[in-house]
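Report on the following structure.
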Amino acid sequence: MATLPAMSPVDPISPLPAAASALATPRMLVLDTATEVVHLALVQGDQVQALAVGGGAQASSTTLPALQKLVADAGLAWSQLDAIAFGRGPGAFTGLRTACSLAQGLALAAACPVISLDTLMAVAEDARQSDPAAWAEGDTLWVAQDARMGELYVAAYRWQGACWQAETEPSLWALGVPRDRWAVTPGLHRVAGNALLAHPAAFDGLTQATWPQAAPRGAALAALAQQAWVRGELLDAALALPLYVRDKVAQTTAERLAAKRT
């Protein structure tokens with residue numbers, strides 16, 4: 001497994017005041033390991049260098065070298081970073097732990113705070129960036145990501161004209177819940193996320209517009225991180241915690257066999 005960059009350990013950093021953070025032009029590393037693809041970015045003011053590498057079982061071995069490459073290619077020292085932003089989930093259990101441990105380790109080593117990002121909101125932002133003209137202030141987008149085991153990670157976000165506001169916080173839904181909840185208003189929902197590809201029948205006839213390829217890509221994560229920086233949402237590295245919406249992380253053998261028979 002790759003090791004953290006060689007730097008002396010430092011004391012945890014306290015959150016910075018919003019007024020102070022808003023005046024700075026931040027340099028930030030951004031990472032999300034909640035899905036099968038690891039999405040990364042280096043933010044320098046308005047410039048964003050995004051990168052995607054293999055995730056899943058590879059995440060712990062591919063993410064740090066890729067982050068190191070982003071920093072090196074930009075000619076930066078780790079001590080020049082102002083924050084480490086990470087996707088807290090929801091998502092794969094191991095992936096969320098990887099993101100949190102890397103964010104904590106890098107932030108402590110670089111003597112900077114962390115920024116906690118909503119992975120599903122990053123999917124919403126990616127959908128918006130792919131089709132900016134499709135959005136008006138007040139529009140609501142549902143994000144549905146495949147959670148496996150016949151379940152979905154779901155949340156709803158309202159576009160405020162400059163940022164997203166959570167309308168429904170991330171939660172775990174069974175496959176039949178979208179039809180149960182949206183049946184009274186079929187065909188009127190905007191939906192983004194890979195659940196549209198993994199479980200198309202669950203959304204058949206329920207959507208007005210879809211963004212099935214939307215993902216928590218680096219540019220979307222960077223946009224959320226920049227907004228959080230301006231708002232002063234900076235945390236001590238010790239508070240880099242995952243968002244779990246599922247207690248059970250694997251099916252039993254009997255449950256897997258039953259799923260194959262259906």
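Tell me the helices (runs of 4 or more DSSP H) entirely within segment 44-149 that contain at least 1 residues that are of a type in the set (Asp, Glu).
The helices (runs of 4 or more DSSP H) meeting that bar are 59-73, 119-130.
Could you list all residues from segment 120-145 that are of a type in the set (Asp, Glu) and under 14 Å from the mean Cα position of the chain (by Cα)?
Correct list: Glu125, Asp126.
Among all residue pairs at least 6 apart or on different chains, which show Cβ distances below 6 Å where the first residue, located in segment 169-195, is within 16 Å of Glu151 (Cα to Cα) and of a type in the set (Phe, Trp, Tyr) and the second is modelled with pLDDT of 95 or more and buried (at least 19 other Cβ atoms within 10 Å of the Cβ)?
Note: pairs meeting the criteria are Trp173/Leu152; Trp173/Val154.
Filter segment 41-71 for residues that are in contact with a Ser or Thr (Cβ under 7 Å, 6 or more places away or on another chain) and of a type outside the set (Ser, Thr, Tyr); which is surrounded by the fewest Cβ atoms within 10 Å (Cβ to Cβ)?
The residue in question is Gly45.
Can you pull out every residue in segment 67-88 that is within 17 Å of the chain's Cα centre (by Cα) and not β-branched (Val, Ile, Thr)?
Listed by number, the residues that qualify are Leu67, Ala83, Ala85, Phe86, Gly87, Arg88.
Taking the condition of being at pLDDT below 95 and either in a loop (DSSP other than H, G, I, E, B) or assigned by TED's automatic domain parsing to the domain that holds Cys163 (or both), how many residues in segment 209-231 meet it?
0
The values are calculated or read from the model by the stated rules, or taken from the named source; none is laboratory data. Everything numeric here is computed off the predicted structure, so don't read it as measured data. Backbone-built Cβ (ideal geometry, glycine too); neighbour counts: all protein chains shown.
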